[in-house]
Number of protein chains: 2
Amino acid sequence: MSSIPIRPDVPPGAPHERSDAARNRERLLNAARDLVAESGAEALTMDALACKAHVGKGTVFRRFGSRAGLMMTLLSDSESEFQHGFMFGPPPLGPGAPPLDRLIAFGEGRIFFVLENGELLKAAGAATRNRFDVPATKLSHRHMEILLREAGIVDPWVMAMSLTYALDPERIVDDVRVRGISPTRLTDSWRELITRLLRSA
Amino acid sequence: MSSIPIRPDVPPGAPHERSDAARNRERLLNAARDLVAESGAEALTMDALACKAHVGKGTVFRRFGSRAGLMMTLLSDSESEFQHGFMFGPPPLGPGAPPLDRLIAFGEGRIFFVLENGELLKAAGAATRNRFDVPATKLSHRHMEILLREAGIVDPWVMAMSLTYALDPERIVDDVRVRGISPTRLTDSWRELITRLLRSA
DNA sequence: ATACTAAACGGACTGCGGTCCGCTTTCTAT
DNA sequence: ATAGAAAGCGGACCGCAGTCCGTTTAGTAT
């Protein structure tokens with residue numbers, strides 16, 4: 001029953017990961033999860049991580065590229081789950097429902113997803129400059145674009161971008177945690193936005 | 001014809017600014033404008049500024065609080081101008097036109113404003129955490145909120161927040177400069193968004 | 001003029017993200 | 001088993017934002 005641990009993102013020509021590299025990746029991921037669990041993502045520093053994982057700082061950056069990259073790695077599981085939901089799951093989030101309902105469900109799902117993973121998302125988004133080289137973001141954008149096109153929006157690409165920013169993690173988290181807006185108000189307003197946007201003339 | 005230079009933001013009980021402080025403020029502002037002019041806001045470092053203004057680093061931070069604060073100071077002139085435009089200027093941007101037209105004009109104005117001052121705005125927004133303690137942002141938000149309420153939106157406060165993020169400087173600048181979207185597409189899409197959002201059932 | 005006080009000053013210092021590069025380890029080919 | 005090459009490693013190092021605190025200086029009161 002021994003299983004080979006899956007290494008994500010490994011493109012076709014796999015030069016085979018070295019054993020020490022694999023070990024260190026494991027160490028780093030565990031240490032990172034510990035640190036996040038005990039003090040939150042915001043407080044995690046790359047030095048502390050390197051230290052806790054008994055690894056050089058260079059190794060940390062070789063592995064994840066940047067702090068944002070680390071956060072994205074930490075997010076990737078729950079993110080894939082959410083992605084799976086809107087791509088293959090049951091309607092109204094998944095395929096089978098009309099665009100209006102799917103967009104409403106998408107926004108609601110996204111809002112709750114953000115509220116669960118807000119710290120990580122904010123830390124991951126802080127990259128600045130990438131922000132849209134992030135596959136997950138591109139995928140969400142494209143998903144909305146397609147639904148908007150189906151619904152007759154003239155420039156679905158740009159509209160999807162507007163909606164993407166309307167669902168910005170920082171915005172959602174701060175609305176709820178800093179400005180005291182309830183999640184319900186957020187989802188209600190999203191529903192109002194999409195409903196008005198898509199109802200036919 | 002001698003005029004006393006206006007010191008902005010000075011609340012009632014003015015303990016009178018010391019002469020050396022005034023002189024340093026002038027130096028810093030000039031140096032900052034020079035630096036921005038020659039290499040862009042992004043490249044401006046607080047050390048370089050202090051050095052160029054022949055002033056200690058502590059002085060820079062005493063004056064502006066943070067890099068974002070400095071950028072906001074640099075912006076304040078053009079920002080007031082834009083604010084004046086939508087608060088007191090001629091319709092459709094200013095009062096006198098219906099909310100629909102005013103919102104469209106507001107978004108268009110904002111897009112062009114951002115494209116002119118994008119670097120400064122991005123650098124100013126990087127504050128993170130404040131972002132809404134910024135008076136200018138609050139004012140824009142409130143402006144939209146009022147127009148949305150007039151137009152019958154159920155939760156104008158939250159909707160205004162969505163629209164605020166849809167007009168985020170980073171979004172606009174990156175759409176145009178990184179992703180190659182023309183300003184016209186942006187304004188057209190904004191018009192489509194607002195038009196659909198506000199047309200009555 | 002003198003003495004006093006509070007504001008202002010400046011630059012050394014800290015903490016963090018990120019880079020660099022000489023050294024070490026693992027894998028592969030023989 | 002051995003040697004060579006490449007991937008991996010680690011920590012000193014850099015640049016930058018922001019803080020701290022002992023020193024200087026501009027106004028004020030006498």
Residue by residue, what Karplus-based ³J(HN,Hα) values in Hz, rounded to whole numbers, does the stretch B:187-198 have, using 6.51, -1.76 and 1.60 with θ = phi - 60° and x for Gly and Pro? 5, 4, 5, 4, 4, 4, 4, 5, 4, 5, 5, 9
Using only alpha carbons, build the gyration tensor for the stretch B:32-186 and give me the equivalent ellipsoid semi-axes, biggest first, whole Å. 31, 17, 14
Please state the relative contact order of chain A as a whole percent: Cα pairs under 8 Å, 6+ residues apart? 17 percent
In Å³ per residue, the alpha-carbon convex hull of the protein assembly as shown encloses 205 Å³
Roughly how many whole Å is it from the C-alpha centroid of the stretch A:154-201 to that of the stretch B:47-114? 25 Å
Ordered by fewest other Cβ atoms within 10 Å, a rough proxy for footprinting exposure, B:46, B:71 read B:46, B:71
Between residue B:47 and residue A:26, with labels modelled 7 Å along Cα→Cβ, what's the label distance in nm to one decimal, could you check? 4.2 nm
Each label sits 7 Å from Cα toward the beta-carbon; between residue B:179 and residue B:77 the label points are separated, in nm, by 3.3 nm
Note down the net charge around residue B:159, summing +1 for each Lys or Arg and -1 for each Asp or Glu among other residues with Cβ under 11 Å from its Cβ. -1
Proximal charge balance of residue A:49 [Cβ under 12 Å; K/R count +1, D/E count -1]: +4
As a footprinting exposure proxy, order B:66, B:162 by other Cβ within 10 Å, with the fewest listed first. B:66, B:162
Counting partner chain Cβ atoms within 10 Å of every residue's Cβ in B:156-169, what's the average? 6
Mean Cβ-within-10 Å packing, highest first, puts peptides A:180-186, A:17-23 in the order A:180-186, A:17-23
Once you sort the root eigenvalues of the Cα gyration tensor of the stretch B:138-193 as a ≥ b ≥ c, which label holds: rounded (a/c under 1.5), prolate (a/b larger than b/c) or oblate (the other case)? prolate
Across the stretch B:65-72, in residue order, what do the Karplus-derived ³J(HN,Hα) couplings come to in whole Hz, using 6.51 cos²θ - 1.76 cosθ + 1.60 with θ = phi - 60° and x for Gly and Pro? x, 6, 4, 4, x, 4, 4, 5
Can you list the distances in nanometres, one decimal and ascending, from the residue B:20 label point to the identical position in each other copy, with the point 7 Å along Cα to Cβ? 5.7
For residue B:150, place a label point 7 Å from Cα along the Cα-to-Cβ direction in every copy; what are the distances to the other copies, in nm, shortest first? 3.7
So what is the relative contact order for the stretch A:120-188, in percent, with contacts set as C-alpha pairs under 8 Å and at least six apart? 23 percent
Calculated label separations, residue A:46, copies of the chain, 7 Å along the beta-carbon direction, nm: 2.0
Residue farthest toward the positive end of the dipole of chain A, with Cβ of Lys/Arg at +1 and Asp/Glu at -1: which of A:189, A:75, A:132? A:132
Run the numbers on the stretch A:60-104 and let me know its relative contact order in percent, using alpha-carbon pairs under 8 Å that are six or more apart. 17 percent
Averaged over the residues of B:143-154, the number of partner chain Cβ atoms within 10 Å of each residue's own Cβ comes to 1
Take the Cα atoms of the stretch B:56-113, find their three principal axes, and give me the spread along each one in whole Å, biggest first. 51, 18, 14
Using 1/(1 + (r/R0)^6) with R0 = 51 angstrom and r between the beta carbons of residue A:149 and residue A:34, what's the FRET efficiency to the nearest 0.05? 0.70
Enter the mean number of other protein chain beta carbons within 10 Å of the beta carbon of each residue in A:170-178, as an integer. 3
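Read-outs throughout are calculated quantities, based only on the coordinates presented, and are distinct from any laboratory measurement. What you see is a predicted model; the values in this text were computed from it and never measured. Using ideal geometry, Cβ is built from the backbone for each residue, glycine included, and neighbour counts are taken over all protein chains shown.
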